[in-house]
Amino acid sequence: MPPYETARAEPASNNEQRPISGETAAGSSRSGPDPMGGEVPEPRRLNRALSFDDWVPDEALHLVMGHVEDPRDREAASRVCRRWHRIDALTRKHVTVAFCYAARPARLRERFPRLESLSLKGKPRAAMYGLIPDDWGAYAAPWIDELAAPLECLKALHLRRMTVTDADIAALVRARGHMLQELKLDKCIGFSTDALRLVARSCRSLRTLFLEECHITDKGGEWLHELAVNNSVLVTLNFYMTELKVAPADLELLAKNCKSLISLKMSECDLSDLISFFQTANALQDFAGGAFYEVGELTKYEKVKFPPRLCFLGLTYMGTNEMPVIFPFSMKLKKLDLQYTFLTTEDHCQIIAKCPNLLILEVRNVIGDRGLEVVGDTCKKLRRLRIERGDDDPGLQEEQGGVSQLGLTAVAVGCRELEYIAAYVSDITNGALESIGTFCKNLYDFRLVLLDRERQVTDLPLDNGVCALLRNCTKLRRFALYLRPGGLSDDGLSYIGQYSGNIQYMLLGNVGESDHGLIRFAVGCTNLQKLELRSCCFSERALSLAVLQMPSLRYIWVQGYRASQTGLDLLLMARPFWNIEFTPPSPESFNHMTEDGEPCVDSHAQVLAYYSLAGRRSDCPQWVIPLHPA
């Protein structure tokens, strides 16, 4: 299976069709009753129906293909025949490469010469949690060097979790700066504000500049001044969760020159210094960042008036005394991010009670069950709920803080339009998961982490609750469940496989009891494309056999399993176009022994295996062992 949405096999010739149900491989078929009901058409009538491609002109196919946007539909169309394959290649405007080592840049350029937009993902998601070193790889240079100049229609580039240097950005600007409209560097490392200054000077058609959570070397704030002076069409600027220092005057100048600025997410800057910016940015709808540096000094922030169209808001370091700043327009808010505030449980209750039109809510678990009860009673339109982990020190948590089955049940019952739930919880029960499955029929993404803060959890294992949730939430496409030992038995693991037919991405941690449970899980995962496992009891042999049972799997990352020192049993999953990379346990643990006298193997060994049309990668660090291809 290829890494991007192209044909997965050589396309048929121009008039050649694949055998379909009711036909033999040789193309012969007899008419008669179809086992699914109805009559099977005669071969001559069937061939006539399938030969319409002969008289449809290229111009018409170009127009039709231009309206087909779903990658899966595109893939299916490209496999009809060589002609459709060629027209798909010429009309495809956007491609997402799900893993940068799964394809060659040259192959992408040859396959889609008229691309307008490219998204490219690098390091495994574990890099966001410090589990993947910076020098692991995922360098942008080969892609930019190969694609920037030849892709003459390229207007948008999105790089995620990649190493991007100033030289890479300079090469991109030289080749595409005159027409670049969108540059997204998401959680990337390796570049400085010198590169941003070059982008600001040269890319005058830029509508989106996204730098959220990037590690950027700050060499001065001139880049923002250059952007304000040279750009008049910017719509979105995001340097949230970076350490970049900027001058409020430059933001005000940006707002004056870019009348279309709708979204600004920025690094820390005292909110009182942004009063003039807010007065100027009349079109602003989305703001996050800023900061209340002097918590408790409401008089300093009384003059802060947000733009009239603002409906998405996230403020930093806001305390109890500063809450009145948002009360005047709380009824209009559709998104509220309170993750980086000093609010108590009671504060959350007061604010949320004034925000009945929220679609998106992001908080820390200090919101508590009481806060979630208010959410359930007030926010009937809520679509997305994210509850992040708060401070682990109980002394710093309010008495009512912490989320359990009570809060999740209240939200499930009250917010029945939810499509996304991600929550760190201190306690959970089968009944709460069943409630989510019963009331939240629109869920497409569910993620739950059970914290180890509490000594005892009310109701483990969660087999029946997980089963009920998956059986009832049939729209789920992404599912993550990170528990503690004993949280899910082999039966529960098999339920996940049995009822996850539509799920494409899954993260599981501390689940199952044995290798047999993993195999039972794998047999049911017919559509799973990406799997991440952490802190599990499975052997390398079981991991390999499980991979072979999942026909759609194209990527698996595992950390914390019964690892060997060589990883040789992982070769059981080897097959064509399947890369296997093994990061062995740290050498320091080889001579350590457990209390039972058994060898202690570091649980932090990692496995990464993925489909690739590019073969073995050439930039593996020394501590990563490529097992296959040899």
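The values are calculated or read from the model by the stated rules, or taken from the named source; none is laboratory data. Computed from a prediction, not measured in an experiment: that's the story for all the values here. So basically every Cβ, Gly included, is an ideal-geometry build from the backbone, and we count neighbours across all protein chains shown. The accessibility values were calculated without ligands, DNA or RNA, using every heavy atom of the protein model including side chains. Shrake-Rupley method; radii C 1.70, N 1.55, O 1.52, S 1.80 Å.
Solvent exposure of the chain, expressed per residue, is 44 Å² of accessible area, with all protein chains present and a 1.4 angstrom probe.
Computed 3J(HN,Hα) for segment 536-541, one whole-Hz value per residue from the Karplus formula 6.51 cos²θ - 1.76 cosθ + 1.60 where θ = phi - 60°, is 10, 9, 7, 8, 5, 5, glycine and proline marked x.
Segment 157-219 has equivalent-ellipsoid semi-axes of 17, 12, 10 Å, by the square roots of 5 times the alpha carbon gyration tensor eigenvalues, sorted largest first. Along the chain, the longest continuous region that contains none of the chymotrypsin sites (Phe, Trp or Tyr not before Pro) in a DSSP loop with at most 14 other C-beta atoms within 10 Å is 56-589.
Restriction of the GluC sites (Glu not before Pro) in segment 134-235 to DSSP coil positions whose beta-carbon has at most 14 other beta-carbons within 10 angstrom yields Glu152.
Expressed as a whole percent, the accessible area of the chain that falls on carbon and sulfur atoms is 50 (1.4 Å probe). Under 5 Å between amide hydrogens, built in the peptide plane, is the criterion, and for Met318 it picks out Phe292, Phe342 among residues at least 5 positions away or on other chains. Ranked from largest, the principal axis spans of the Cα set of segment 94-267 equal 45, 37, 25 Å.
Other residues within the sphere of radius under 15 Å centred on the Cβ of Asp463, judged by their own Cβ, net out at -2 (K and R +1, D and E -1). The residues neighbouring Arg204, those whose beta-carbon lies less than 14 Å from its own, together hold a net charge of +3 under the Lys/Arg +1, Asp/Glu -1 convention. Over all other residues within a Cβ to Cβ distance under 11 Å of Ser500, the charged ones net out to +3, with Lys and Arg as +1 and Asp and Glu as -1. Of the listed residues His85, His94, the order by accessible area with a 1.4 Å probe, largest first, is His94, His85. Within the chain, DSSP assigns beta bridges of which about 20% are antiparallel (rounded to the nearest 5). Given the C-alpha centroids of segment 204-246 and segment 543-577, what is the distance between them in whole angstrom? A separation of 42 Å, based on Cα centres. With a Förster radius of 45 Å applied to the beta-carbon distance between Asp70 and Lys245, the computed FRET efficiency rounds to 0.60.
Of the residues Gln405, Ala98, Leu608, the one whose Cα sits farthest towards the positive end of the charge dipole of the chain is Ala98 (charges of +1 on Lys and Arg Cβ, -1 on Asp and Glu Cβ, taken about the Cα centre). With 20 Å as the limit on Cα-Cα distance, the pairs of Lys259/Lys305; Lys334/Lys530; Lys155/Lys265; Lys256/Lys305 that go past it are Lys334/Lys530; Lys155/Lys265. Computed over the chain, the per-residue total of -39500 (n - 2.57) for DSSP H runs of n ≥ 4 gives a 222 nm mean residue ellipticity of -8000 deg cm²/dmol, rounded to 500. Basic side chains Lys and Arg get +1 at the Cβ, acidic Asp and Glu get -1 at the Cβ, and with that the dipole of the chain about its Cα centre reaches some 2580 debye.
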